[in-house]
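The values are calculated or read from the model by the stated rules, or taken from the named source; none is laboratory data. Nothing here was measured: the structure is a model prediction, and the numbers come from that model. Using ideal geometry, Cβ is built from the backbone for each residue, glycine included, and neighbour counts are taken over all protein chains shown.
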Amino acid sequence: MDFIDILKTLALIWASFQLLLIHLWRKLFRQGEIKIYKEGKHIVLGYSSDGISISLQGTLRAVNQDFFIKKIGLTLRKQSPGKESNWELQKKFEWRWLRRAKLKAYGPADVDFEEAKARMITSKDPVPFDIFFHDPASATKVQSLLEALYSKWTEKLRHELGIFETQDFVKGIAALTQEEKADLAEYLSDAQKRSYAEFQKETDFLTCLQELRDECYWREGKYEIEMLVETDDPPGTFKQRWPFSLKKEKVRTLDLNPLIMIQQTCGQQKIGNLVYLYVEHQ
């Protein structure tokens, strides 16, 4: 081995040693973190068949090292009136959907939804987020109430329109003219509307509607949302807060959501679309 080869070998060893020192420095002395940046002035609060929901926008930035994000959750707290350090309500939320907007040359952007799941975030590439969170306990209760009412509704329809489900009736449809089929469809539609009008006055319907209204815990007052980003490799937790307030007038705009949820479940024409609250955060 001549002198040049020795220098090359020493240079290679020194380069490897430098990489090892950099790795040890980053791992042992220069701790990484994830910074959570808020985006926009508003958060979105909802109440639907998914239960109580919160949507947040922002950006995640890994500092000094890469992270594997295991999950992102929220804690919602409502302040006790007149007691800033006391919370009268605390609820846990899980991430459910990620929203991704596709820009178009003309018209509003299309929005795609994908299931929220663990992912890698690198120090070179900040990640914007638009996440839909829901309260799983609330979702379970709401879906249980709607499923029970739907069962009562279909039972009523079978009782009142059962003749139309018989085998002889189904066979007889084939012999009808197109005009007769259209008349029959109109008759069935009108009969179902009459049945639903009666159903809305029954105890099962009214009880479900009231329980759905009671399940919505958005009320007037001061709130705080705390986001918790949990990581693996390396393990860690990183937080950000969104304080906000709700006024009574704002909350009352959600009053029709339970009725609309029932109409959707029973396949009836809706009186409108579900309302979501756009609330300024501090």
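Only one of these is free of Cβ contacts under 8 Å to residues at least 12 places away in the same chain and in the same structural domain as Ser48 (by TED's automatic domain parsing): Glu249, Glu211, Glu215. Name it.
None of the others qualify; the one that does is Glu249.
Do we have any residue at all in the range 228-239 that's part of a helix (DSSP H, G or I) and out of contact with any strand residue (DSSP E or B) (no Cβ under 7 Å at 6 or more places or on another chain)?
So far as the range 228-239 goes, no, none of its residues is part of a helix (DSSP H, G or I) and out of contact with any strand residue (DSSP E or B) (no Cβ under 7 Å at 6 or more places or on another chain).
Suppose we keep only residues that are loosely packed, with under 15 Cβ neighbours inside 10 Å and touching a Lys or Arg at 6+ places or on another chain (Cβ under 6 Å) within the range 231-282. Which one would you say is farthest from Ile121 (Cα to Cα)?
Going through the qualifying residues, I end up with Ser245.
Name the residues in the range 127-161 that are surrounded by 15 or more Cβ atoms within 10 Å (Cβ to Cβ) and not in a helix (DSSP H, G or I), would you?
Passing the criteria: Val127, Phe129, Asp130, Ile131, Phe132, Phe133, His134, Asp135.
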